[in-house]
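The values are calculated or read from the model by the stated rules, or taken from the named source; none is laboratory data. None of the values given here were measured: they were computed from a predicted structure. Counting neighbours? That spans all protein chains shown, and the Cβs are built from the backbone with ideal geometry, glycine included.
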Amino acid sequence: MKTNEEWKAWGKDDPLYGVASWAGRRCGKDNEWADVEFYDLGRSDWRDFSARWDCYGYNRDSCLEIGCGAGRITKQLCEKFQEVHALDVSIDMINYAQRNVTGNNVTWHVTDGTSIPLQDSLVLSVFSSHVFQHFPSEEDGLSYFEEIYRILKPGGTMMIHLPLHDFPSVNRKFSKLARYLYSFFLVLTSVKADIRRWQMRRGGRKYMHGISYEAPQLYEKLKGIGFDKIEFVNFPMQSNDDLHSCVFATKT
């Protein structure tokens with residue numbers, strides 16, 4: 001994926017801010033992230049995530065985390081699950097996580113970002129936060145759900161955090177116009193991303209690409225793959241009062 005380039009750059013130069021991109025917390029700033037603050041944030045965020053997953057229902061036997069980064073949530077997963085698989089495209093991110101996540105029940109995987117390096121029907125739970133929003137396009141993210149379905153055991157569930165949007169449906173003509181304008185905006189965003197990556201290779205500031213997913217399209221995609229009990233949940237995080245949207249689904 002194109003976005004692997006910037007994620008690897010964040011992993012090398014500023015892994016904590018790359019994961020938790022709060023204003024003023026960059027490396028070298030007066031208020032840069034300290035390890036204890038970073039992993040305390042992970043503990044707080046996991047309480048919010050797990051409370052919603054508890055309501056939906058999940059198995060605590062085995063879990064895959066997609067985009068583990070510096071281990072902010074991985075540290076919590078190791079306390080919750082008997083077996084954890086954590087994957088990321090950045091070896092520097094994983095190295096940082098390994099120094100701070102000491103559980104002996106986690107296996108680390110470096111991935112190319114397009115596939116999950118695990119065998120079919122291996123785990124009962126899949127989790128991801130602040131990852132799907134950084135894929136190059138909505139289509140890339142949607143295709144990744146096929147990989148999730150492949151590695152889940154029957155009866156397994158997923159909780160994936162990702163930004164969601166929907167277009168107004170009251171007026172069909174307005175909705176069509178909104179989609180057209182949004183598709184044009186996405187083209188411009190893609191061009192901007194390519195330019196920023198070109199600048200980054202030449203010493204420019206690191207870039208962080210962002211996308212959102214249309215909820216009805218995602219719902220139809222998940223149904224087509226074979227997922228069942230699909231739910232969308234939107235809730236605020238205690239850490240910053242920001243709304244986070246997540247999709248839950250079960251492999252039948």
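Quick notes
- Qualifying positions in the range 136-146 - touching a Leu at 6+ places or on another chain (Cβ under 9 Å) and either modelled with pLDDT of 95 or more or of a type outside the set (Gly, Ala, Ser) (or both): Glu138, Leu142, Phe145
- Boolean, Thr102 is closer than 21 Å to Tyr39 by Cβ, part of a loop (DSSP other than H, G, I, E, B), of a type outside the set (A, V, I, L, M) and at pLDDT below 95: yes
- Subset of the range 145-163 (residues that are over 25 Å from Phe235 (Cβ atoms) and among the hydrophobic types (A, V, I, L, M, F, W, C)): Ile151
- Residues located in the range 74-93, provided they are assigned to a helix (DSSP H, G or I) and free of Cβ contacts under 8 Å to residues at least 60 places away in the same chain: Thr74, Lys75, Gln76, Leu77, Cys78, Glu79, Lys80
- Flag for Arg196 being more than 29 Å from Phe127 (Cα to Cα) and either under 22 Å from the mean Cα position of the chain (by Cα) or in a strand (DSSP E or B) (or both): yes
- Looking only at residues in the range 202-228 that are among the charged types (D, E, K, R) and in a loop (DSSP other than H, G, I, E, B), the one that is nearest to Tyr149 (Cα to Cα) is Lys206.
- Cβ-Cβ contacts under 9 Å between residues 6 or more apart (or on different chains), taken from a first residue in the range 172-198 that is more than 17 Å from Ile211 (Cβ to Cβ) and at pLDDT below 90 to a second residue that is of a type in the set (Gly, Ala, Ser) and in a helix (DSSP H, G or I), are absent.
- For the range 117-151, a residue qualifies if it is surrounded by fewer than 21 Cβ atoms within 10 Å (Cβ to Cβ), on the phi < 0 side of the Ramachandran plot and assigned to a loop (DSSP other than H, G, I, E, B), and the qualifying residues are Pro117, Leu118, Gln119, Asp120, Leu122, Pro136, Ser137.
- Flag if Glu231 is charged (D, E, K, R), farther than 20 Å from Val19 by Cα and either in contact with a Gly (Cβ under 8 Å, 6 or more places away or on another chain) or in a helix (DSSP H, G or I) (or both): no
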